[in-house]
Amino acid sequence: MPANLPPEYFEAEKRFRQASTPAEKIFALEELIATVPKHKGTDRLRGDLRRKLSQLKREAEIARRSKKGGKSYLYVVEKEGAAQVAFVGFANSGKSSLLAGLTNANPVIAEYPISTIIPLPGMMPFEDIQIQLVDLPPVGNESTDGWVSGILRTADAFLIILDLTEDPDVQADLLIEQMRKWNITIINNSSFVNSELSSQRQTFTLFKRALFVGNKNDLPFTKENYIRLKERFANLYPCISVSALKKENLEELKREIFSITGIIRVYSKPPGKEPDFSIPFTIPAGSTVLDLAESIHKDFVHNLRYARIWGSAKFDGQRVEKNYVLKDKDIVEFHVS
Ligand SMILES: Nc1nc2c(ncn2[C@@H]2O[C@H](COP(=O)(O)OP(=O)(O)OP(=O)(O)O)[C@@H](O)[C@H]2O)c(=O)[nH]1
Ligand SMILES: [Mg+2]
């Protein structure tokens, strides 16, 4: 057991031991992991806890599959693509319609509420990458909230989908409040600073980026409602107005979705050769040359001397040090000893 674990760790551990159902256990273990400070001394502990978490998830998934046709209490959506973005919204806001507009998935779309009862993923192509979108039942539905909140905890970011025909600002308040009850805080513009986030990570709260999507802008009076939404929230969160039905503004929406995933794409290039544009590396924004090297291969890090950058550097092929912060679409040429 590493020294210097915060008191929250022991409280969370107690809750984990007391959890009885698989869903509660997964929920409690995710909270527990969030309390472990990130440094070398806790590497092993974090690894052990993560292994336990994936084991629990596997068991839950097997239990769900074996309950043929029975009421399932937990769903897990395996991540695919560069990032996973989950849909959050009340009934009939148009979540499934947006999934249908942005991906090849075929969700149930209906006028009656709670038409979506299980999670449905779809892949959204964006330029040279794919982002996974996950359509979910509406928030505030007792029989699904348990596992829906579980999926939200592991998603990389949210689309908060608001019906522009009915007080979108009130929906946004209620959804933020519900997230808070689930110990999920939507990151606002002012908390984007990394140092601030990492100190907050030591609490139970999970921090997620989100895009506020006002949907149904093809209908009357929605302009005024969108303006009200923006007045309240635009300085805190990115907002966009779309129509899933008329496919209005969906290209811009894709770009905004990419930007809230918080990932950048970089391409590698062997010295003296052409860059490999076939598959970009996707890494968190703010990553350095060293972070990229580490994500490619651990051993690589020791041999790395410097890199040359095309794109964000002052001039093409500029030599940069290992702590150089990469930007989206940079081309990186590693030089090793
Ligand atoms: N006019 C208009 N209607 C829309 C739009 N998007 C969705 N709708 C309609 O709104 C209703 C609900 O759409 P869904 O996509 O099923 O909504 P949902 O959020 O998935 O609903 P639940 O799964 O019940 O939570 C359907 O009748 C859609 O045709 C839009 O952009 N414009
Ligand atoms: Mg739906």
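Just checking, does the stretch 164-174 include any residue being at pLDDT 95 or above, closer than 18 Å to Leu136 by Cα and buried (at least 16 other Cβ atoms within 10 Å of the Cβ)? The answer is yes, given that some residue of the stretch 164-174 is at pLDDT 95 or above, closer than 18 Å to Leu136 by Cα and buried (at least 16 other Cβ atoms within 10 Å of the Cβ).
Checking Pro119, Pro113 one by one, the residue that is within 14 Å of ligand 2 (Cβ to nearest atom), assigned by TED's automatic domain parsing to the domain that holds Lys247 and closer than 21 Å to Leu164 by Cα is Pro113 and no other.
Taken together, the residues in the stretch 240-265 that are farther than 14 Å from Phe212 by Cα and within 14 Å of the chain's Cα centre (by Cα) amount to 3.
How many residues does the stretch 36-47 contain that are free of Cβ contacts under 8 Å to residues at least 40 places away in the same chain, assigned to a helix (DSSP H, G or I) and either under 18 Å from Glu11 (Cα atoms) or basic (Lys, Arg) (or both)?
Residues in the stretch 36-47 being free of Cβ contacts under 8 Å to residues at least 40 places away in the same chain, assigned to a helix (DSSP H, G or I) and either under 18 Å from Glu11 (Cα atoms) or basic (Lys, Arg) (or both): 2 in total.
Of all the criteria given as (1) within 25 Å of Asp328 (Cα to Cα); (2) of a type in the set (Val, Ile, Thr); (3) under 14 Å from the mean Cα position of the chain (by Cα), the one not satisfied by Val77 is (1). The number of residues in the stretch 238-261 being touching a residue at least 60 places away in the same chain (Cβ under 8 Å) and either assigned by TED's automatic domain parsing to the domain that holds Ala307 or not small (Gly, Ala, Ser) (or both) comes to 11.
Out of curiosity, is Asn183 farther than 23 Å from Ile26 by Cα and at pLDDT below 95? Taking the combined requirement at face value, the residue does not satisfy it. A count restricted to the stretch 100-122 and to residues that are under 18 Å from Leu253 (Cα atoms) and either surrounded by fewer than 15 Cβ atoms within 10 Å (Cβ to Cβ) or within 8 Å of ligand 1 (Cβ to nearest atom) (or both) stands at 2.
Number of residues in the stretch 303-326 that are in contact with a strand residue (DSSP E or B) (Cβ under 9 Å, 6 or more places away or on another chain) and surrounded by fewer than 15 Cβ atoms within 10 Å (Cβ to Cβ) equals 9.
Candidates are the residues of the stretch 207-255 that are of a type in the set (A, V, I, L, M, F, W, C) and assigned to a strand (DSSP E or B); the one that is farthest from Lys181 (Cα to Cα) is Ile240. If you check Thr144 against the conditions, is it among the polar types (S, T, N, Q), assigned to a helix (DSSP H, G or I), assigned by TED's automatic domain parsing to the domain that holds Lys247 and more than 10 Å from ligand 2 (Cβ to nearest atom)? Yes: the conditions hold for Thr144.
The values are calculated or read from the model by the stated rules, or taken from the named source; none is laboratory data. Keep in mind that this is a model prediction, so the values were computed, not measured. Don't worry about glycine lacking a Cβ; one is built from the backbone with ideal geometry, like all the others, and counts go over all protein chains shown.
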